[in-house]
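Okay, structure first, notes after.
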There are 2 protein chains.
Amino acid sequence: MYRSHSCGELRIAHVGEEVTLSGWVQVSRDFGGMTFMDMRDRYGITQIVFNMDDDAQLCEQARKLGREDVIKINGKVRERSNKNPNRDTGDIEIEVTELTILNESKVPPFTIEDETDGGDDLRMKYRYLDIRRSPVRNNLIFRSKLAIETRKYLDQEGFIEVETPVLIKSTPEGARDFVVPSRMNPGQFYALPQSPQTFKQILMIGGMDKYFQIVKCFRDEDLRADRQPEFTQIDCEMSFVTRDEVLATFEGLTKYLFKTLNGIDLPDFPLMSYDDAVKIYGSDKPDTRFEMHFVELNDVAQGKGFGVFDNAELIVGICAKGQASEYSNKDIKKLTEWMQRPQIGAKGLVYVKFEADGNIKSSVGKFFSDEDLKVWGEKMGAEPGDMLLILSGETDKTRKQLNELRLEMGNRMGLMDPTVFNPLWVVDFPLLEWDEESERFHAMHHPFTSPKKEDQDKMLTGDHATMKALKADAYDLVINGVEIGGGSIRIHDRELQSKNFDLLGFTKEEAEEQFGFLLGAFEYGAPPHGGIAFGFDRLCAVMNGVNSIRDFIAFPKNNQGRDMMIDAPSPIADEQYDELSLKSTVK
Amino acid sequence: MYRSHSCGELRIAHVGEEVTLSGWVQVSRDFGGMTFMDMRDRYGITQIVFNMDDDAQLCEQARKLGREDVIKINGKVRERSNKNPNRDTGDIEIEVTELTILNESKVPPFTIEDETDGGDDLRMKYRYLDIRRSPVRNNLIFRSKLAIETRKYLDQEGFIEVETPVLIKSTPEGARDFVVPSRMNPGQFYALPQSPQTFKQILMIGGMDKYFQIVKCFRDEDLRADRQPEFTQIDCEMSFVTRDEVLATFEGLTKYLFKTLNGIDLPDFPLMSYDDAVKIYGSDKPDTRFEMHFVELNDVAQGKGFGVFDNAELIVGICAKGQASEYSNKDIKKLTEWMQRPQIGAKGLVYVKFEADGNIKSSVGKFFSDEDLKVWGEKMGAEPGDMLLILSGETDKTRKQLNELRLEMGNRMGLMDPTVFNPLWVVDFPLLEWDEESERFHAMHHPFTSPKKEDQDKMLTGDHATMKALKADAYDLVINGVEIGGGSIRIHDRELQSKNFDLLGFTKEEAEEQFGFLLGAFEYGAPPHGGIAFGFDRLCAVMNGVNSIRDFIAFPKNNQGRDMMIDAPSPIADEQYDELSLKSTVK
């Protein structure tokens, strides 16, 4: 037996007991005739003591131990003279009578502490050492709990977890597939699922009524900072439901998870249309922890001789409360330069400061009188001390730019409190996006999303302008500016689905080849259905108020898609190429 | 709103209520002025009634409905005059006042009944219709429950579910990998995991202490009858444990699952050594629902002039209780032929019948006296009416053949009661198997399995014969002759692991290239650890007393690895080849 108790378990009530513990040497301190050691496992840290007077040989042995050695000890629990109130086991220590070295450790390449001296690459290569650190371990434990509670809730709501296949079919729609050559079917490939979308719809047609799955999905994308080639979704689908029933279910799930894991009661989630979100926040995933709403100024700022504004499609600004005195000309210049970086691409930035003493200062003071600027201020709810920041230009671009500025200002002004969670349903997305370049529509969500009921007839018969204006019965859950998930009511009618494939530029043959099974299934009694998927990694991160999902993945890949620990991907043997009827073009 | 209740929900207490139901038309019966219809969803079947006298137009509309049309109805719950006690909703019916056709269905290619007229291929192609059938649906629901209860148990036992990556590294050891070309790393491939073995060991080295995962695994094998290229495991690992602690934990899990899902209290699981299992049952996964133990007869059957026996390495038989009168000479001949099929390959079959009247009949009567045969009978516990069946030849082959015969006889004699569950731990497997052909050892479990403690020093220093005799600290859980899972205490020492790779024919470079990360990890304080994996699909099947795992997989593949519904695998586009730096050698 390696242990009678864990290293996080012993309390004052255990004093006098003979115990056996196993774990890692965290740290060791010699004080004259005594050696104190912290022994660590997943459950905690226990202080153990070796006494030179009691057993010199044992104490000498203990003094040779190094950090991260794995040991087993027997001993007696005794009360500590100097208790450590910050540690659950801080009232006791173990007087060691027997020591076994289970395994030795080389000196770790970085410290196994909450704050480590190891850089990212080193931590990834030695991920097993990184996982010994409490922050990483606690993240993985949080993730495990989140999954369990998610399943508990959905099970109670009557959802059935069904495993859908990982080896499926490659389709050119959407992101790029990872593919898997089939040895038994030379020249053919499986694809790894980007999501179980069609399978969950098939399950609805199969009468499963309520499906969910916590499931790995795969996208072969060029990896941006916080993307992973494999990621996890809470994937759900329901039959015989309207949008509001789906929203109620997953609002319930989200509230339950925040309550159970974070101890937080979320308020009811407001609904906002896509159009409003874009108009008020310049984003379909607004951070609603703070207001700083967009105010459009075309009606009051045009026709005064300032050409930039006069020629702009949109003039729109935000009011930064109390910032007038915070920004020197130099600060404004810096902020303007920040906005002009290629990532954002603003041409310029107009400010108006309503100073506390009543003075008004503005970069466009020579075009606009104080009276003019006061009108802007009123429109934007500015009070003395506030500063307006205004952009102008082409509508979509300008909104995107102002969104960046709003978030930057929110951050600088400390308005993004990580302990506050503001959920929001964004609804009524456009169904289709027109792509000028390829001269075809793209599905804003995916090709299975239903137009809103009132738009269905229009979709079957309408002209190009009508198509552009179609609204989807789609919804996203946004928390603190992060898209947690999204979904839609699906098309369940063959004709409507075929029409959608048409609009998306599929030929009849392509639609049939790729999605024939689904179109066929629609002819055998497909029920109305809809669903949603939450990004599980993302949800973990947001619930912990952090930005990076990598912290919640046990073995993440780097930006080149590499696993640094196992060193994958890697070359395969010639025989493997032969078996798969493949040749490499690079070797 | 599509429904106020499900089709399985309404009871006599609801009589008088206005309700809305949605579901599928199961069957329809016209009786003069009335049309009775069974309406189905996942939750049950409700009878709905249309009355020509009340609303002729509605009734006419209803009469046009066909099987599997999807409808929504409003109506009033009323008590049935002829109740159906076999149905939960059998006390009531709905008087329909409003009917909406939500979607029409073509005539399904097979009947949506418990016993269907659809063949396997048709059922796979139209899996969405197959899933509407209760047996398939109930299997999927069982699977979902089994997963939830497994997680509940392991969570309570302190296990953390950690997701390990799906895109990992190809290793030639074991079965064939599915590989995934990496676009971003031309000429390199990921592999899909055959199991998360090394990752779960890394998690132990990372101090996670107790890990589990219900996880998809992949093997690119030539598919035998009941194998799938992707399958699901309950995968577990524990630190600081001995074998018996692992067994206790997973015996506990198994008992909990049988109790919770099947309402069965399993007895404590006996332990049997691999050597005993092979000697007594001729198999390391014996069906212990019945005895019919092997009895070896070399000492009493040799030296009597019967050359076949005299030259045999092993003479071994079973006693088939009460079968003497059941087998005519013709039956014995047929049984002998069955044993001589190439799948089994027995040379012959010797019988001895102890007839009820005291007569003894045997195929080897001319070599052995009745007295001789009586000695055999005594040794084998034969009573009047019993029949001995005896094989001889090379030890391993003969045992395997007799195992087949024992199972066949057990089946014929009705000894394999599907409602009885006999679990068994098989332990102390050989560590290594010598392969004459390749002149190297193979790992009986896998290369990470530890020799038993007492054999570890022998392994580091021993000669070839010693290696052959090494016992592994490995274990299998067998229920009713089916291997549910297996595991082992792992090596956690670099030297021992390197030695094992040596013995398995790895060069130092190969070992380093493929498993260097694990060998390295062993140097940084790897704790003693061990684990187990259960075949999840297999467990589902065994708990339901059926043989095929395919019944418990929502979207199984056929023997060619094809998904018949979506028609995967399939060719990919030329651009995909280009992006992956690959060329096909078959097109």
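The values are calculated or read from the model by the stated rules, or taken from the named source; none is laboratory data. Predicted, not measured: the structure shown is a model, and the values here were computed from it. Neighbour counts are summed over all protein chains in view; Cβ atoms, including those assigned to glycine, are modelled from backbone coordinates with ideal geometry. Side chains are part of the model used for accessible areas, which takes the heavy atoms of the whole protein and leaves out ligands, DNA and RNA. Shrake-Rupley method; radii C 1.70, N 1.55, O 1.52, S 1.80 Å.
Tell me, yes or no, whether region B:467-481 has at least one residue that is among the polar types (S, T, N, Q) and within 25 Å of the chain's Cα centre (by Cα). Steps first, please.
As a first pass, look at region B:467-481 and keep what is among the polar types (S, T, N, Q): B:480.
The next check asks that each one be within 25 Å of the chain's Cα centre (by Cα); those that pass are B:480.
Scanning region B:467-481, I find at least one residue that is among the polar types (S, T, N, Q) and within 25 Å of the chain's Cα centre (by Cα), so the answer is yes.
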Of those in region B:377-430 that are surrounded by fewer than 21 Cβ atoms within 10 Å (Cβ to Cβ) and hydroxyl-bearing (Ser, Thr, Tyr), the residue nearest to the chain's Cα centre (by Cα) is B:419
Here are some conditions: (1) farther than 17 Å from residue A:478 by Cβ; (2) more than 7 Å from chain B (Cβ to nearest Cβ). Residue A:199 meets all but one. Which one does it not meet?
-> (2)
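So, residue A:19, is that one outside any loop (DSSP other than H, G, I, E, B), in contact (Cβ under 8 Å) with a residue 12 or more places away in the chain and within 14 Å of chain B (Cβ to nearest Cβ) or not? Reasoning before the result, please.
Details: outside any loop (DSSP other than H, G, I, E, B): yes; in contact (Cβ under 8 Å) with a residue 12 or more places away in the chain: yes; within 14 Å of chain B (Cβ to nearest Cβ): yes.
Taking the combined requirement at face value, the residue satisfies it.
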Given the conditions (1) at the interface with chain B (Cβ under 7 Å from one of its Cβ atoms); (2) within 22 Å of the chain's Cα centre (by Cα); (3) under 30 Å from residue A:113 (Cα atoms), every one holds for residue A:149 apart from (1)
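Only residues that are of a type in the set (A, V, I, L, M, F, W, C) and in contact (Cβ under 8 Å) with a residue 24 or more places away in the chain: list them for region B:369-389, please. Spell out the reasoning first.
We begin by selecting, within region B:369-389, every residue of a type in the set (A, V, I, L, M, F, W, C); these are B:373, B:375-376, B:380, B:382, B:387-389.
Across region B:369-389, the qualifying residues are B:375, B:376, B:380, B:382, B:387, B:388, B:389.
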Consider only pairs whose beta carbons are under 9 Å apart and that are at least six residues apart or on different chains; among these, list those whose first residue lies in region B:454-472 and is exposed (fewer than 13 other Cβ atoms within 10 Å of the Cβ) and whose second residue is aromatic (Phe, Trp, Tyr).
-> B:464/B:434
Hey, any hits in region B:39-47 for a residue that's within 22 Å of residue A:202 (Cβ to Cβ), basic (Lys, Arg) and touching a Pro at 6+ places or on another chain (Cβ under 9 Å)?
-> no
Every residue from region A:213-242 that is more than 18 Å from residue A:168 (Cα to Cα), of a type outside the set (Ser, Thr, Tyr) and facing chain B (nearest Cβ under 9 Å) = A:222, A:223, A:240, A:241
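Taking the conditions exactly as written (of a type in the set (S, T, N, Q) and open to solvent by 10 Å² or more (accessible area, probe 1.4 Å)), does residue B:242 satisfy them or not? Can you show your working first?
Values: of a type in the set (S, T, N, Q): yes; open to solvent by 10 Å² or more (accessible area, probe 1.4 Å): yes.
For residue B:242, the condition - of a type in the set (S, T, N, Q) and open to solvent by 10 Å² or more (accessible area, probe 1.4 Å) - is met.
Is it the case that some residue within region B:208-225 is among the small types (Gly, Ala, Ser) and in contact with a Gly (Cβ under 9 Å, 6 or more places away or on another chain)?
Going residue by residue through region B:208-225, those that are among the small types (Gly, Ala, Ser) are B:225.
Next cut, in contact with a Gly (Cβ under 9 Å, 6 or more places away or on another chain) only: none.
Among the residues of region B:208-225, not one is among the small types (Gly, Ala, Ser) and in contact with a Gly (Cβ under 9 Å, 6 or more places away or on another chain), which makes the answer no.
If you take the residues in region A:443-453 that are open to solvent by 30 Å² or more (accessible area, probe 1.4 Å) and part of a loop (DSSP other than H, G, I, E, B), which one is farthest from residue A:505 (Cα to Cα)?
If we filter region A:443-453 for residues that are open to solvent by 30 Å² or more (accessible area, probe 1.4 Å), which is where we start, we get A:444-446, A:452-453.
Among the residues that remain, those that are also part of a loop (DSSP other than H, G, I, E, B) are: A:444-446, A:452.
Details: A:444: 14, A:445: 16, A:446: 13, A:452: 21 Å.
Within region A:443-453, the match that is farthest from residue A:505 (Cα to Cα) is A:452.
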Members of region A:202-211 that are facing chain B (nearest Cβ under 9 Å) and either under 28 Å from the mean Cα position of the chain (by Cα) or touching a residue at least 24 places away in the same chain (Cβ under 8 Å) (or both) | A:202, A:203, A:204, A:205, A:207, A:208, A:209, A:210
Any pair with Cβ under 9 angstrom, 6 or more apart, that starts in region A:102-117 at a residue that is under 16 Å from residue A:39 (Cα atoms) and facing another protein chain (nearest Cβ under 7 Å) and ends at one that is open to solvent by 30 Å² or more (accessible area, probe 1.4 Å) and part of a strand (DSSP E or B) | A:102/A:72
Any hit, region B:267-275, residues being touching an Asp or Glu at 6+ places or on another chain (Cβ under 6 Å) and open to solvent by less than 20 Å² (accessible area, probe 1.4 Å) | yes
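Rundown of residues vs (1) of a type outside the set (Lys, Arg); (2) open to solvent by 50 Å² or more (accessible area, probe 1.4 Å); (3) over 14 Å from residue A:405 (Cα atoms); (4) in contact (Cβ under 8 Å) with a residue 60 or more places away in the chain, yes/no style:
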| site | (1), (2), (3), (4) |
| --- | --- |
| A:281 | yes, no, no, yes |
| A:285 | no, yes, yes, yes |
| A:298 | yes, no, yes, no |
| A:324 | yes, no, yes, yes |
| A:332 | yes, no, no, no |
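Among the residues of region B:240-252, is any modelled with pLDDT of 95 or more, under 29 Å from residue A:176 (Cα atoms) and outside the structural domain of residue B:483 (by TED's automatic domain parsing)?
Looking only at region B:240-252, we keep the residues that are modelled with pLDDT of 95 or more, and these are B:240-252.
The next check asks that each one be under 29 Å from residue A:176 (Cα atoms); those that pass are none.
Looking for residues that are modelled with pLDDT of 95 or more, under 29 Å from residue A:176 (Cα atoms) and outside the structural domain of residue B:483 (by TED's automatic domain parsing), one finds none in region B:240-252, hence no.
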Provide a single number: the residues in region B:41-73 that are touching a residue at least 40 places away in the same chain (Cβ under 8 Å) and either within 14 Å of chain A (Cβ to nearest Cβ) or of a type in the set (Val, Ile, Thr) (or both).
-> 15
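Residue-wise test of (1) out of contact with any strand residue (DSSP E or B) (no Cβ under 7 Å at 6 or more places or on another chain); (2) free of Cβ contacts under 8 Å to residues at least 12 places away in the same chain; (3) at positive phi; (4) open to solvent by 10 Å² or more (accessible area, probe 1.4 Å).
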residue	(1), (2), (3), (4)
A:165	no, no, no, no
A:184	yes, yes, no, yes
A:192	no, no, no, no
A:196	no, no, no, no
A:215	no, no, no, yes
A:218	no, no, no, no
A:221	yes, no, no, yes
Taking the stated definitions as given, is residue A:303 at pLDDT below 95, farther than 14 Å from residue A:402 by Cβ and open to solvent by 30 Å² or more (accessible area, probe 1.4 Å)?
-> yes
Those residues of region A:564-587 which are of a type in the set (Lys, Arg) and either open to solvent by less than 20 Å² (accessible area, probe 1.4 Å) or touching a Lys or Arg at 6+ places or on another chain (Cβ under 7 Å) (or both), in sequence order = A:583
Of all residues in region A:162-191 being facing chain B (nearest Cβ under 7 Å) and among the aliphatic types (A, V, I, L, M), which is farthest from residue A:432 (Cα to Cα)?
-> A:184
Checking residue A:159 against (1) more than 9 Å from chain B (Cβ to nearest Cβ); (2) open to solvent by less than 30 Å² (accessible area, probe 1.4 Å), the condition it does not meet | (1)
Can you tell me which residue in region B:338-376 is farthest from the chain's Cα centre (by Cα), limited to those that are polar (S, T, N, Q) and either surrounded by 21 or more Cβ atoms within 10 Å (Cβ to Cβ) or not in a helix (DSSP H, G or I) (or both)?
-> B:369
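Quick test for you: out of A:484, A:489, pick the one residue that is touching a Phe, Trp or Tyr at 6+ places or on another chain (Cβ under 7 Å), among the β-branched types (Val, Ile, Thr), in contact (Cβ under 8 Å) with a residue 24 or more places away in the chain and under 30 Å from residue A:536 (Cα atoms).
Numbers: A:489 fails: touching a Phe, Trp or Tyr at 6+ places or on another chain (Cβ under 7 Å).
Among A:484, A:489, only A:484 is touching a Phe, Trp or Tyr at 6+ places or on another chain (Cβ under 7 Å), among the β-branched types (Val, Ile, Thr), in contact (Cβ under 8 Å) with a residue 24 or more places away in the chain and under 30 Å from residue A:536 (Cα atoms).
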Kindly check whether there is at least one residue in region B:306-316 that is free of Cβ contacts under 8 Å to residues at least 24 places away in the same chain and of a type in the set (S, T, N, Q).
-> yes
